[in-house]
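For reference, the structure is listed below as structure tokens.
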Amino acid sequence: MGRVTERRRIVRIRDGVVSERPDTLVAEEPLELRLNGRRLAVTMRTPGDDFALATGFLVSEGVVAAAEEVRQVVYCAGATEDGGNTYNVVDVRLTEGVPVPDITLERNVYTTSSCGVCGKASLEAVRTTARWPPDEGSASPLTLAPETLSTLPDTLRSAQRVFERTGGLHAAALFTPDGDLLDVREDVGRHNAVDKLVGRALRQGLLPLAEAVLLVSGRASFELVQKAVMAGIPVLAAVSAPSSLAVELAEEAGMTLVGFLRGSSMNVYTGTHRVAGAGVQEPPVQPSAR
């Protein structure tokens, strides 16, 4: 199976001094996803947690929502011409009776690690397939203190073991409303890291994640909001900017979306009711001079 990192010799130039040294690179390999034996998609990913990635992707596509809906997940033997197993082809077999939308079987998609696979590229599609709208996921809606949100990026950064060695990975993490780290995954694609988190939660019977906060490195795209909505996550925070469509979907779904989360500074784009003190206060009216 492909390793998470690889070692390569490089030429390093620093302050005019040239030297040769080994460097650690993050591995990037294709993963072909199959559903009931049929080719579904190919994504570039960092090897590891491949079964979780595959099932998490199916959650985001609205195909499955519970562990019992998945009968088996296997690497495909005979993936090469000589019958060898590359460990780069995963087949998810659904439990008998679980419906499979035609659109997922008809799509043969190739995607880079930076963009992911967006099979529900419209607000209407997400609205009609989401099983756990964020506002309906808990009897008592989750609330967060800005002080708690501000601690999450440093906690995520300290948990990125492979990033420490390579500097070349995105990460996604789940937190409790009190800021306790629940799980963290790394990958060359931030969408893959989220799929790995969701897939692990699916297999542990934890969906919907109605009491969890999702933090992602980098920006918040439409696809990441989609994945959070489909997993029932009420709060998505990112260290960088969201896209306009991401904000639109988050607002439509009733999700709290936080961007530019850096230190004590952050922008709350939607769902301000979940962030304590986020209500905008009008400045006091100054008495008119007489």
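A simple spin-label model places pseudo-atoms 7 Å from Cα toward Cβ; at Asp180 and Val74 they are separated by 3.9 nm. Net charge in the neighbourhood of Glu29 (other residues with Cβ under 14 Å of its Cβ; Lys, Arg +1, Asp, Glu -1) is -4.
3J(HN,Hα) along the range 183-190: 6, 9, 10, 10, 6, 5, x, 5 Hz, from the Karplus curve 6.51 cos²θ - 1.76 cosθ + 1.60 with θ = phi - 60°, whole Hz, x for Gly and Pro.
Dividing the alpha-carbon radius of gyration of the range 148-242 by the rule-of-thumb value 2.2 N^0.38 Å gives 0.97. When the charge dipole of the range 136-274 is built from unit charges on Cβ atoms (+1 for Lys and Arg, -1 for Asp and Glu) and taken about the Cα centre, the candidate among Leu214, Thr148, His170 whose Cα reaches farthest toward its positive end is His170. Distance between the C-alpha centres of the range 210-251 and the range 42-56: 20 Å, rounded to the whole angstrom. In terms of packing, defined here as the mean over residues of other Cβ atoms within 10 angstrom, the peptides 149-157, 197-205 line up highest first as 197-205, 149-157.
Taken together, the values in this text are just the output of simple stated rules run on the coordinates, not laboratory data. Not measured: the values here are computed from a predicted model. For neighbour counting, all protein chains shown are included, and Cβ atoms are generated from backbone atoms with ideal geometry for every residue, glycine included.
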